[in-house]
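The values are calculated or read from the model by the stated rules, or taken from the named source; none is laboratory data. This one's a predicted model, so the numbers in the text were calculated from it and none came from an experiment. Here Cβ is always computed from backbone atoms with ideal geometry, including for glycine, and neighbour counts include all displayed protein chains. Note: areas computed on protein heavy atoms with side chains; ligands, DNA, RNA excluded. Shrake-Rupley method; radii C 1.70, N 1.55, O 1.52, S 1.80 Å.
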Amino acid sequence: MPNQQDVILEMRHITKRFGPVTALEDVNISVNRGEIFSLCGENGAGKSTMMNVLSGVYPYGSYEGDIVYDGRTCQFKTIRDSEKLGIVIIHQELALVPYMTIAQNIFLGNPIKKGIFVDDREQRRVAKSVMDAVGLDENPDTLISNIGVGKQQLVEIAKALTKNVKLLILDEPTAALNDEDSEKLLQLIDRLRREQGITSIIISHKLNEIAESADKVQVIRDGHTISHFDINAQHPLDQDALIRDMVGRSLTNRYPMHASTIGKEIFRVEHWKVHHPLDEDRLIANDVSFNVRAGEIVGLAGLVGAGRTETAMSIFGRQYGTGATGKLFVEGEEVKFPNVGAAIDHGFAYATEDRKVYGLNLLASIKENTSMANFKALSHYGVIDRNREVRIAEKYRSEFRIKAPSIDVPAGNLSGGNQQKVVLAKWVSASPKVLILDEPTRGIDVGAKYEIYEIIDQLADSGSAVVIISSELPELLGICDRIYTMSQGVITACRDVEGTNQEELMRYMTGSQRMGFSETFA
Amino acid sequence: MASAQAQEALKNSNDQVPKTASVKNLLLGNVRSYGIYLALVLVIIIFQILTGGRLLYPNNVVALFQQNAYVLIAAIGMLMIIIGTHIDLSVGSVVAFIGGVGAFAMKNWGMNWMVAILFMIVIGLLIGCWHGFWIAYVGVPAFVTTLGGMLIFRGLATVVAGESIPLQSEPFRAIAKDYLPNILGFWGPFDGLTIVVGVLAMALVIWMQIRKRSRAIKNGTLVEPTAWIALKCILAVLGIGFVTYLFATSGNANVGGIPIVLVIIGVLVAVYWFVLNRMVFGRDIYAVGGNRKAAVLSGIDTKMVDFKIFLNMGFLTAVAAIITLSRLASATASTGMEFEMDAIAACFIGGAAVAGGVGTIPGAMVGALIMGVLNQGLSIMGADAAIVKTIKGLVVIAAVAYDLVSKKKKG
């Protein structure tokens, strides 16, 4: 029962729109003083948007509704306004400068001054005291780049303490941490609550952590507040009920009718392991195995931080991480991909998640982007066969219905959906045996999505094996034949699309039990 | 299937009427690329007036090319480096070093001039490998590597040519100052060979425009309107005709026509234009410069591309060194000061992007010519070298600023 005196924060009827897209609609939450409050939801449910509204990243006026904090209605224009009142947000990507010391980072943007000079000695002294408070046993003069992610997280919290934090918001605080560091962090948050009365809001995917640490869980789905659970000794968290509320997104997209003709196995991964590029003790892919057959569309489901993109990138010519081990088989024969060229030569294609950063040369034309990965077939002695190049680019422009006046238009001038089609044209024109698509419909309107599903279906029908990484469960259920779930670097399940549903997949996406090796392959 | 139908429909429409672009769109869409040519014409007209018509005396035009050949040549290599998001600060020092070694070999070892040219080119390639190795395979930024190279090769040039080494080989000296022989004799006041080459060049331009059009119709891509093609052909014929007239009347009663350096420049421009526009290597350079991460993930060996563009720069720097040695007729340790800056400036004036990924050979060549005309015009007017430098500096900033402002306006 929320007691009127106990409430530290209320967000009432919050609605936030980005252009035509409604990210939050009539969201209401109420947080009691001194509790650990957890926000739960799928990728893109609106959790981070909500915290950005609260902390002033989205200024007052850009959303509708009221924020009542400490009994006062607040209108934050910037993060500084909310920080002044003791609301501090720690983002998933830590905002630390690697080549500055711990003390300098703690006072970044907020230095202790003596006249016009920075008072280094005083900064070091205060830094040491807040570092003690969070249990960080390091020299304040140590460079951030020399400490691990777990300790960096503690630096962020220490920084928050110097701002007299009353309400601490942590976005996926344990996503990048190992079990031991996660445990320590959650204990620290509990201690800060008991000793200093600091209220915390934690956004997390890890249901077991929520069950252990939180007092209350609020579920958000598609920008709506769905339900909330109180957790205490008498009422432990009902994880199944929580999962049921998290999923069940409406099936807003249509999917083309498609019956796959599945042939023999084309690609198989066995015991794939890859380490974090900076933290070599962390396994990002931990003994991952899967396979995909000719004409088959296989999904890879998982929440942020599950390691799906990293696994795909490391397979595709070691473009992520260090010390990758494991075996890859193409049509039964073991292969090695020391670089991207080798992977492409074996008929691989990987359309990346972030097309602007990894997929396209935005300065170059549609035509040049289309031929970028296919020069071996398009040239003789290093001279490009321009007639063929133009014909192929034109073919895919009309087949994929890329909306542009000509193939000479720079890719940077196209809309997101059309850019994605150019990325697909680039890889499909190389006639791949195995095509890995990472979030192929992210940020694309519904109509273009449907067209992209059609392209994927056509490609599978031509005998290619397709692997789709997606955060949208309805999408995977709509277009895949088989779905693997991945969680914390581990493959937790493999399910045929017939006979599974969002709840079951979500249960495996939030679990951590590795599935048996022998059942992994179809 | 719906898409197949759409494709079929598109094909049919292609067969019937070629898609034509409007002249207005062409003009608006290419302001930047044509603007540079307009700027060159403008600069020429201004100095033609200011110098009382002396700028375009035939012999002054020949001198313009002979004196600026090194910029035109180095700018080709520098353009490829800038497109690939790098920079080369060592050109001037390397020119001095290679020139010194070449002159030394001819004087002290009695090396034949032709062997010496090959020798200088080999040294250029080795220096290119040296820079390429550090930049591509060790990851030392090009700015640092070539800054080091600038000091190293200036130092070595001083070791080799601390005392100036005279160039005695007459055929070697001819490269920078002589003309192609008048094998066709003089036709009145005109050199026959120049006229023939000029007419052939006009025919080539027209033939290429026609071929481009028929290719576009065949592939069903956007076709330029006939009036636009005609306009381009007329302007090109007028331009080539005027330059042909200038060269045909250059020299004196006995010699004249096409300077040898112009032939070298012409061949290099043609070859490198082909490499950048028609070859995989050229595409790779644009891809690496436009988005290195995407290039890696498309299977392009980006390290090899980096290595090759510096190897290539070594070759072109050697060519610039040969022409510079030939023109100055002696090698000194201080030869080639700020050559790299002239080449970089030419690229930026010619529309290359500081962030890489953008730039064309014609643009860089016109950029180099704009600077050459400024040089020539101001020196005919008797302006001080300090003033010339100041004005060149202002032009570079103005050109890049214009680029940025016009981009912002576009949206």
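What nm distance separates the two modelled labels at A:VAL383 and B:LEU42, each placed 7 Å from Cα along Cα→Cβ?
The answer from the label model is 3.9 nm.
Inside 10 Å of the C-beta atoms of A:369-380, what's the mean count of C-beta atoms belonging to other chains? Numbers along the way, then the final one.
Values: counts 5, 0, 3, 12, 7, 2, 9, 2, 0, 2, 5, 1.
Averaged over the peptide's residues, the number is 4.
Any idea which of B:GLY356, B:PHE190, B:PHE153 is furthest toward the positive side of the dipole for chain B, if Lys and Arg beta-carbons carry +1 and Asp and Glu beta-carbons -1?
My answer, from the dipole projection, is B:GLY356.
Once each part is reduced to its C-alpha centroid, what is the distance from segment A:36-106 to segment B:243-291 in angstrom?
59
Using a probe radius of 1.4 Å on protein heavy atoms only, what is the accessible area buried between chains A and B, both sides summed, to the nearest 100 Å²? Write down the numbers at each step before the final one.
Working: alone 23540 and 20530 Å², together 41140 Å².
Interface between A and B: roughly 2900 Å².
At 1.4 Å probe size, with no ligands or nucleic acids counted, give the accessible surface of A:HIS380 in Å², nearest ten.
110
Counting helices only, and only those DSSP H runs with n ≥ 4, report the 222 nm mean residue ellipticity of chain A as the sum of -39,500 (n - 2.57) divided by its residues, in deg cm²/dmol to the nearest 500. Display every interim value, and only then the final one.
Working: 17 runs with 164 residues, N = 522.
About -9000 deg cm²/dmol.
Just tell me how shielded A:133-143 is by partners: mean number of partner chain Cβ atoms within 10 Å of each residue's Cβ, no decimals. Each step should come with its number before you reach the end.
Values: counts 0, 0, 0, 0, 0, 0, 0, 0, 0, 0, 0.
Whole-number average of other-chain Cβ neighbours for A:133-143 is 0.
Tally Lys and Arg at +1 and Asp and Glu at -1 over the other residues with C-beta under 15 Å from the C-beta of A:GLY359: what net charge comes out? Show your work: numbers first, answer last.
Numbers: positive: A:ARG355, A:LYS356, A:LYS421, A:LYS426, A:ARG442, B:ARG292, B:LYS293; negative: A:GLU353, A:ASP354, A:GLU368, A:ASP438, A:GLU439.
Net of charged neighbours comes to +2.
Tell me the Rg and the Dmax, in Å, that the Cα atoms of segment B:182-258 produce.
Every Cα atom of segment B:182-258 included, Rg and Dmax give 16.4, 53 Å.
Tell me what chain B gives for mean residue ellipticity at 222 nm when only DSSP H runs of n ≥ 4 count, each as -39,500 (n - 2.57), the sum divided by the residue total, rounded to 500 deg cm²/dmol. Walk me through the intermediate numbers first.
On the way: 17 runs with 305 residues, N = 411.
It comes out at -25000 deg cm²/dmol, rounded to the nearest 500.
Which three lengths, in whole Å and largest first, does segment A:250-296 cover when its Cα atoms are put on their principal axes?
Principal axes ranked by extent give 45, 34, 13 Å for the Cα atoms.
State, to one decimal in nm², a quarter of the convex hull surface area for the C-alpha atoms of segment A:217-335, i.e. the direction-averaged projected area. Spell out each step's value before the answer.
Numbers: hull surface 45.7 nm².
If you wrap the Cα atoms of segment A:217-335 in a convex hull and average its projections, you get 11.4 nm².
Output needed: percent of Cα pairs per 10 Å distance bin for the protein assembly as shown, bins running from 0 to the one holding the longest distance.
All Cα pairs, binned at 10 Å, distribute as 2, 10, 16, 18, 18, 15, 11, 7, 3, 1, 0, 0 percent.
Determine, for each peptide in B:182-194, A:63-75, B:98-110, the mean count of other beta carbons within 10 angstrom over its residues, then list the peptides with the highest first. Please list the in-between numbers first.
Numbers: B:182-194: 16.2, A:63-75: 14.7, B:98-110: 20.9.
Taking the mean over residues of other Cβ atoms within 10 Å, the ranking is B:98-110, B:182-194, A:63-75.
Using Cα springs under 10 Å in a Gaussian network model of chain B, which residue among B:MET120, B:MET371, B:MET279 shows the largest mean-square fluctuation?
B:MET279
Considering the zone a paramagnetic label at A:ASP281 would reach in this model (a point 7 Å from Cα along the Cα-to-Cβ line), which residues of segment A:138-164 have amide N under 15 Å from it?
Within reach of a label on A:ASP281: A:138, A:146-154.
Report the local net charge at A:ILE202: Lys and Arg +1, Asp and Glu -1, summed over other residues whose C-beta lies under 9 Å from its C-beta. Intermediate values should be presented prior to the final figure.
Numbers: positive: none; negative: A:ASP171, A:GLU172, A:GLU209.
Residues close to A:ILE202 contribute a combined charge of -3.
Apply 1/(1 + (r/R0)^6) to the Cβ-Cβ distance of B:ALA203 and A:ASN501, taking R0 = 56 Å, and write down the FRET efficiency to the nearest 0.05. Walk me through the intermediate numbers first.
Numbers: r = 72 Å, r/R0 = 1.29.
For B:ALA203 and A:ASN501, the calculated efficiency is 0.20.
List the lysines whose Cα sits under 22 Å from the Cα of B:LYS308, skipping any in the same chain fewer than 8 residues away.
Those lysines meeting the cut-off are A:LYS376, B:LYS293.
Mind checking the log10 I(q)/I(0) for chain B at q = 0.09, 0.10 Å⁻¹? Debye, one equal scatterer per Cα, no solvent, two decimals.
-0.62, -0.76
Multiply the residue separation of B:SER164 and B:ILE234 by 0.36 nm, subtract the distance between their alpha-carbon atoms, and state the gained length in nm to one decimal. Intermediate results must be reported in sequence, preceding the final value.
On the way: separation 70, 0.36 × 70 = 25.20 nm, distance 4.94 nm.
Separation in residues times 0.36 nm, less the Cα-Cα distance, equals 20.3 nm.
Just checking the output field for A:336-347: average partner chain Cβ neighbours within 10 Å of each residue's Cβ? Could the numbers behind the result be given before it?
Working: counts 0, 0, 0, 4, 8, 5, 1, 2, 4, 1, 0, 0.
So the per-residue partner count for this stretch is 2.
I'd like to compare A:124-131, B:349-356: which one has the highest average count of other Cβ atoms within 10 Å, and what's the full order after that?
On the way: A:124-131: 19.0, B:349-356: 21.8.
Peptide ranking by packing, descending: B:349-356, A:124-131.
Can you work out the FRET efficiency for the pair A:THR73 and B:LYS408, with r the C-beta to C-beta distance and R0 = 56 Å, to the nearest 0.05?
Between A:THR73 and B:LYS408 the formula returns 0.90.
Any idea what diffusion coefficient segment A:4-246 gets from Stokes-Einstein, in µm²/s, Kirkwood Rh on alpha carbon pairs, 4 °C, 1.567 mPa s? Could you put the intermediate results ahead of the total?
Working: Rh = 18.6 Å.
D = 70 µm²/s.
Pop the C-beta distance of A:VAL97 and A:GLU195 into the FRET formula with R0 = 22 Å and round what comes out to the nearest 0.05.
Details: r = 29 Å, r/R0 = 1.33.
FRET efficiency, A:VAL97 to A:GLU195: 0.15.
Please report, as a whole percent, how much of the solvent-accessible surface of segment B:81-234 comes from carbon and sulfur atoms (probe radius 1.4 Å). List each step's numbers first, then the result.
Numbers: 5700 of 7540 Å².
Here carbon and sulfur together make up 76 percent of the probe-accessible area.
List the residue ranges in chain A for DSSP H helices whose C-alpha atoms run 15 angstrom or more along the long axis and whose Kyte-Doolittle average is -0.5 or above.
Passing helices, by number: A:149-162, A:416-428, A:446-461.
Reachable lysines from B:LYS407, Cα under 24 Å, same-chain residues fewer than 8 places away excluded?
A:LYS356, A:LYS367, A:LYS403, B:LYS24, B:LYS392
Can you give the local net charge around A:THR520? Use residues other than it whose beta-carbon is closer than 14 angstrom to its beta-carbon, Lys and Arg +1, Asp and Glu -1. It would help to have the intermediate numbers written out before the result.
Working: positive: A:ARG268, A:ARG293, A:LYS327, A:ARG482, A:ARG495, A:ARG514; negative: A:GLU265, A:GLU270, A:ASP287, A:ASP496, A:GLU519.
Here the count lands on +1.
Taking the Cα centre of each part, how many Å lie between segment A:409-485 and segment B:194-220?
Distance between centres, Cα-based: 42 Å.
Any chance you could run the full-extension gain for B:ARG213 through B:VAL140? It's 0.36 nm times the residue separation minus the Cα-Cα distance, nm to one decimal.
The B:ARG213-B:VAL140 span can extend by a further 21.7 nm.
Once amide H atoms are placed 1.01 Å from N in the peptide plane, what residues at a sequence separation of 5 or more from A:ILE384, or on another chain, have their amide H within under 5 Å of its amide H?
The list, which skips near neighbours in sequence, is B:MET279, B:VAL280.
Exceeding 25 Å between C-alpha atoms, which entries from my cross-link table qualify? They are B:LYS232/B:LYS389; A:LYS273/A:LYS426; A:LYS166/A:LYS216.
Details: B:LYS232/B:LYS389 34 Å; A:LYS273/A:LYS426 29 Å; A:LYS166/A:LYS216 18 Å.
Distance filter (> 25 Å) returns B:LYS232/B:LYS389; A:LYS273/A:LYS426.
What distance in nm separates the two pseudo spin-label positions at A:SER431 and B:THR226, each 7 Å out from Cα along the beta-carbon direction?
About 4.1 nm, to one decimal.
With springs only between Cα atoms under 10 Å apart, run a GNM on chain B and tell me which of B:ALA368, B:ALA230, B:ALA176 wobbles the most.
Looking only at B:ALA368, B:ALA230, B:ALA176, the biggest GNM fluctuation is shown by B:ALA230.
Give me the percent relative contact order of segment A:363-430, please, defined on Cα pairs under 8 angstrom at least 6 residues apart. Before the final figure, lay out the partial values.
Details: 77 pairs, mean separation 33.6, N = 68.
It comes to 49 percent, rounded to a whole number.
Where only protein heavy atoms count, and the probe is 1.4 Å, what is the accessible area per residue for chain B in Å²?
Working: 18990 Å² over 411 residues.
Here the residues of chain B average 46 Å² of exposed surface.
Where in segment B:292-337 does accessible area fall by at least 10 Å² between the isolated chain and the complete protein assembly, at a 1.4 Å probe radius?
Residues meeting the cut-off: B:LYS293, B:ALA294, B:VAL296, B:LEU297, B:SER298, B:GLY299, B:ILE300.
Output the Cα-based Rg and Dmax of chain A in Å, rounding Rg to one decimal and Dmax to a whole number.
Values for chain A (Cα only, Rg and Dmax): 24.9, 79 Å.
Give me the accessible area per residue for chain A, probe 1.4 Å, as a whole number in Å².
Values: 22140 Å² over 522 residues.
Value returned for chain A: 42 Å² of accessible area per residue.
Compute the distance in nm between two label points, each set 7 Å from the Cα along the Cα-to-Cβ direction, one at A:ARG17 and one at A:ASP119.
5.0
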